[in-house]
Each structure stands twice: as structure tokens, then as C-alpha cells.
Amino acid sequence: MTPDNQATFEAAMATVGSKATYTGASTSAVAWILSSEFGILFGVLLGLAGFAVNLYFKRKQDKREQAEHDRRMSSLK
């Protein structure tokens, strides 16, 4: 995978993670209103999974951007 494709993939996965987090929170809220214990559990688990995916790919993005910054700073010296 080329670096550009990898960056695009990671950005898309971070977006998916964010949407999964919001979907999980919404599912939990609706399930709470409907008094569905399984729905609440599913929503919480979906939200946590989305958060974990988002965190993983954001950390990878931060490391990639830090490495790029370090290369730029070293080339300026």
C-alpha cells in the first residue's frame, strides 16, 4: 500500500470509528428509553468499539505526522 493510500485508509477508518461511537451512543439512548437491556448493552459495546478504532487510527496518524514534522525540521537545519 502506498503512503497516500495508507493515509486515506486510516482517515476513513477514523471516520468510521467516530460514526460507530455516535451510533452506539444513540442506540444506548433509544434502548434506555425503550427499557431494552440488550439494546443498552449493544449500544455501549458499539460505542466502545468505535472509540477504540478511532483512537487506534488517530494515534497512527499522529505518529505519521510527527515523523513528517521531524523530517521537515531536520531538512531545515
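With respect to MET1, is the statement that it is hydrophobic (A, V, I, L, M, F, W, C) and not in a helix (DSSP H, G or I) true?
On the way: hydrophobic (A, V, I, L, M, F, W, C): yes; not in a helix (DSSP H, G or I): yes.
Taking the combined requirement at face value, the residue satisfies it.
Mind listing just one residue for me: the one in the stretch 49-77 that is of a type in the set (S, T, N, Q) and surrounded by 14 or more Cβ atoms within 10 Å (Cβ to Cβ) and, of those, farthest from PRO3 (Cα to Cα)?
Restricting attention to the stretch 49-77, the residues satisfying the condition of being of a type in the set (S, T, N, Q) are 54, 61, 66, 74-75.
The next check asks that each one be surrounded by 14 or more Cβ atoms within 10 Å (Cβ to Cβ); those that pass are 54, 61.
Values: ASN54: 19, GLN61: 12 Å.
Selected residue: ASN54.
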Inset, instruction - Search the stretch 1-47 for residues being loosely packed, with under 13 Cβ neighbours inside 10 Å and of a type in the set (Asp, Glu), and hand back the single one that is modelled with the highest pLDDT. - result: GLU37
Legend entry - Search result, residues across the stretch 1-40 that are under 19 Å from the mean Cα position of the chain (by Cα) and among the charged types (D, E, K, R): ASP4, GLU10, LYS19
Legend entry - Output for the stretch 22-50, where each listed residue is among the small types (Gly, Ala, Ser) and in contact (Cβ under 8 Å) with a residue 24 or more places away in the chain: GLY24, GLY47, ALA49, GLY50
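The values are calculated or read from the model by the stated rules, or taken from the named source; none is laboratory data. Everything numeric in this text was worked out from a predicted model, so none of it was measured. Reconstructed Cβ throughout: ideal geometry from the backbone, glycine too, with neighbour counts over all protein chains shown.
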